[in-house]
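**Q** This structure is in structure tokens; I'll ask about it shortly.
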Amino acid sequence: MGGKMIEKLKIFTGNSNIDLAREICATLSVPLGKASVRTFSDGEIMVEIGENVRGCDVYIIQSTCKPSNNNLMEMLVMTDALKRASAASITAVVPYFGYARQDRKVAPRTPITSKLVADLISVAGVSRLVTMDLHAGQIQGFFNVPVDHLYAAPVILSAIKDRFGDQELVVVSPDAGGTERARAFAKRLDAGLAIIDKRRSGPNVSEVMHIIGDVEGKVCLIVDDMIDTAGTLCQAAQALKEKGADKIYASATHPVLSGPALDRINGSCLEEVWVTNTIPIEDKLEQCDRLRILSVAELLAEAIRRIHGDESVSSLFV
């Protein structure tokens with residue numbers, strides 16, 4: 001980047017993605033912006049920007065992961081602080097968009113919370129959103145500002161190719177809803193495709209029904225957008241094992257890993273699980289040695305560089 005561009009580009013972060021933000025800044029050769037994010041004893045969040053941002057294009061790196069409400073409020077308060085400090089534009093870079101699963105009414109008198117969160121972000125003063133692997137692509141329509149929806153697939157595919165080379169794989173979708181994602185992976189890996197038909201009996205509870213596709217004696221790769229409690233993932237792995245699969249691996253963009261997720265993965269027949277750093281999980285690596293973290297810093301940095309330089313970002317959408 002030229003000196004003038006660097007001068008007008010500012011990157012800030014709250015408490016959820018500090019390491020990722022530093023990686024992005026190192027890739028772009030820009031310093032991480034100075035901001036103080038404090039929480040008062042009563043839980044209120046206070047943000048103070050420690051440098052001049054007047055007329056600058058500002059990017060806030062902040063996943064709304066656990067603690068979701070705190071991280072969301074940090075981003076909103078920081079956005080307001082930057083807006084009142086006369087930033088020219090504010091782009092929210094949200095690697096993991098929390099509340100994305102509440103994207104429709106599933107029962108009477110229930111909210112569509114992802115729309116509410118989209119409204120909060122827009123009203124706070126964000127002029128553009130950059131996010132990654134939304135739970136449903138239609139959520140882009142909830143925002144009244146431009147949305148750049150990136151995919152971690154290039155990062156994950158590169159790691160898979162390095163790991164397996166020309167070895168024959170079968171890409172597996174853990175449910176019918178993920179078929180499109182699995183098909184895209186299978187096409188790029190020149191691999192087979194299998195789909196697991198399951199039926200949920202309650203929230204975070206699923207029951208594997210049967211497998212569509214040939215997995216006997218094959219190396220299987222389960223692909224998903226996120227791993228939450230890992231119930232679906234581990235049941236899928238067990239079903240594949242029972243159908244004669246040789247080795248079973250998994251990949252997902254967002255490692256939510258809540259509740260019993262780590263214990264389930266440790267007790268499963270999964271060989272390795274590849275996830276990205278959209279959500280920081282360094283503290284969980286010691287509890288589960290099957291996790292492999294892939295960085296999306298270069299991908300996000302390239303998106304920021306192109307947006308800041310008024311270049312096309314469309315080639316990053318695949």
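The values are calculated or read from the model by the stated rules, or taken from the named source; none is laboratory data. These figures come from a predicted structure and were not determined experimentally. Reconstructed Cβ throughout: ideal geometry from the backbone, glycine too, with neighbour counts over all protein chains shown.
**Q** Could you list all residues from the range 286-318 that are of a type outside the set (Gly, Ala, Ser), in contact with a Lys or Arg (Cβ under 9 Å, 6 or more places away or on another chain) and free of Cβ contacts under 8 Å to residues at least 12 places away in the same chain?
**A** 311 - this is the single residue of the range 286-318 that is of a type outside the set (Gly, Ala, Ser), in contact with a Lys or Arg (Cβ under 9 Å, 6 or more places away or on another chain) and free of Cβ contacts under 8 Å to residues at least 12 places away in the same chain.
**Q** If a residue has to be farther than 22 Å from residue 309 by Cα and either assigned by the TED database to the domain that holds residue 280 or not basic (Lys, Arg) (or both) to count, how many in the range 26-78 make the cut?
**A** Step one: filter the range 26-78 for residues farther than 22 Å from residue 309 by Cα, giving 34-51, 63-78.
Okay, now just the ones that are also either assigned by the TED database to the domain that holds residue 280 or not basic (Lys, Arg) (or both), so 35-37, 39-51, 63-65, 67-78.
Qualifying residue count for the region: 31.
**Q** Could I ask something else about it? Looking at (1) exposed (fewer than 15 other Cβ atoms within 10 Å of the Cβ); (2) within 30 Å of residue 127 (Cβ to Cβ); (3) not aliphatic (A, V, I, L, M), which is the one condition that is false for residue 177?
**A** Tallying (1) exposed (fewer than 15 other Cβ atoms within 10 Å of the Cβ); (2) within 30 Å of residue 127 (Cβ to Cβ); (3) not aliphatic (A, V, I, L, M), residue 177 fails exactly one: (2).
**Q** From the list 120, 134, 129, 169, which one is assigned by the TED database to the domain that holds residue 228, in contact (Cβ under 8 Å) with a residue 24 or more places away in the chain and at negative phi?
**A** Every option except 169 fails the conditions.
**Q** A further question on this structure: Here is a check on your reading of the model: is residue 118 in a helix (DSSP H, G or I), touching a helix residue (DSSP H, G or I) at 6+ places or on another chain (Cβ under 8 Å) and modelled with pLDDT of 95 or more?
**A** Yes: the conditions hold for residue 118.
**Q** Give the residue that is farthest from the chain's Cα centre (by Cα), with candidates limited to residues of the range 54-69 that are in contact (Cβ under 8 Å) with a residue 40 or more places away in the chain and surrounded by fewer than 22 Cβ atoms within 10 Å (Cβ to Cβ).
**A** 55
**Q** While we're here: What do you reckon, is residue 161 surrounded by fewer than 17 Cβ atoms within 10 Å (Cβ to Cβ), in contact (Cβ under 8 Å) with a residue 12 or more places away in the chain and part of a helix (DSSP H, G or I)?
**A** On the way: surrounded by fewer than 17 Cβ atoms within 10 Å (Cβ to Cβ): yes; in contact (Cβ under 8 Å) with a residue 12 or more places away in the chain: yes; part of a helix (DSSP H, G or I): yes.
Against the criterion (surrounded by fewer than 17 Cβ atoms within 10 Å (Cβ to Cβ), in contact (Cβ under 8 Å) with a residue 12 or more places away in the chain and part of a helix (DSSP H, G or I)), residue 161 qualifies.
**Q** Also, I was wondering about something else. Somewhere in the range 89-101, is a residue in contact with a helix residue (DSSP H, G or I) (Cβ under 7 Å, 6 or more places away or on another chain), small (Gly, Ala, Ser), part of a strand (DSSP E or B) and buried (at least 23 other Cβ atoms within 10 Å of the Cβ)?
**A** Yes, the conditions are met somewhere in the range 89-101.
**Q** Another one. Give me a count of the residues in the range 171-183 that are out of contact with any Leu (no Cβ under 7 Å at 6 or more places or on another chain) and at pLDDT 95 or above.
**A** The qualifying residues number 1.
**Q** In this structure, is residue 131 modelled with pLDDT of 95 or more, under 25 Å from residue 258 (Cα atoms), in a loop (DSSP other than H, G, I, E, B) and among the hydroxyl-bearing types (Ser, Thr, Tyr)?
**A** Taking the combined requirement at face value, the residue does not satisfy it.
**Q** Another one. Checking residue 274 against (1) farther than 19 Å from residue 134 by Cβ; (2) surrounded by 22 or more Cβ atoms within 10 Å (Cβ to Cβ); (3) of a type outside the set (A, V, I, L, M); (4) without any contact (Cβ under 8 Å) to a residue 40 or more places away in the chain: exactly one of these is not met. Which one?
**A** In the conditions (1) farther than 19 Å from residue 134 by Cβ; (2) surrounded by 22 or more Cβ atoms within 10 Å (Cβ to Cβ); (3) of a type outside the set (A, V, I, L, M); (4) without any contact (Cβ under 8 Å) to a residue 40 or more places away in the chain, residue 274 misses (4) alone.
**Q** If you go through the range 79-89 one residue at a time, do you hit one that is within 20 Å of the chain's Cα centre (by Cα) and hydroxyl-bearing (Ser, Thr, Tyr)?
**A** For the range 79-89, residues within 20 Å of the chain's Cα centre (by Cα) and hydroxyl-bearing (Ser, Thr, Tyr): absent.
**Q** Taking the range 136-150 only, how many residues are of a type outside the set (D, E, K, R) and touching a helix residue (DSSP H, G or I) at 6+ places or on another chain (Cβ under 8 Å)?
**A** Looking only at that region, the number is 8.
**Q** Only one residue in 73, 46 is outside any loop (DSSP other than H, G, I, E, B), loosely packed, with under 13 Cβ neighbours inside 10 Å and at pLDDT 95 or above. Which one?
**A** Sole residue among the options that is outside any loop (DSSP other than H, G, I, E, B), loosely packed, with under 13 Cβ neighbours inside 10 Å and at pLDDT 95 or above: 46.
**Q** Could you check the range 290-317 and list, in sequence order, the residues that are at pLDDT below 95, more than 20 Å from residue 9 (Cα to Cα) and either over 15 Å from the mean Cα position of the chain (by Cα) or not in a loop (DSSP other than H, G, I, E, B) (or both)?
**A** Answer for the range 290-317, where residues must be at pLDDT below 95, more than 20 Å from residue 9 (Cα to Cα) and either over 15 Å from the mean Cα position of the chain (by Cα) or not in a loop (DSSP other than H, G, I, E, B) (or both): 314, 315, 316.
**Q** Another one. Please go through the range 188-203 and give me each residue that is within 23 Å of residue 152 (Cβ to Cβ) and either in a strand (DSSP E or B) or at pLDDT below 75 (or both), ordered by number. I'd like the intermediate steps shown before the answer.
**A** Going through the range 188-203, the residues within 23 Å of residue 152 (Cβ to Cβ) turn out to be 188-196.
Of everything in the range 188-203, those that are within 23 Å of residue 152 (Cβ to Cβ) and either in a strand (DSSP E or B) or at pLDDT below 75 (or both) turn out to be 192, 193, 194, 195, 196.
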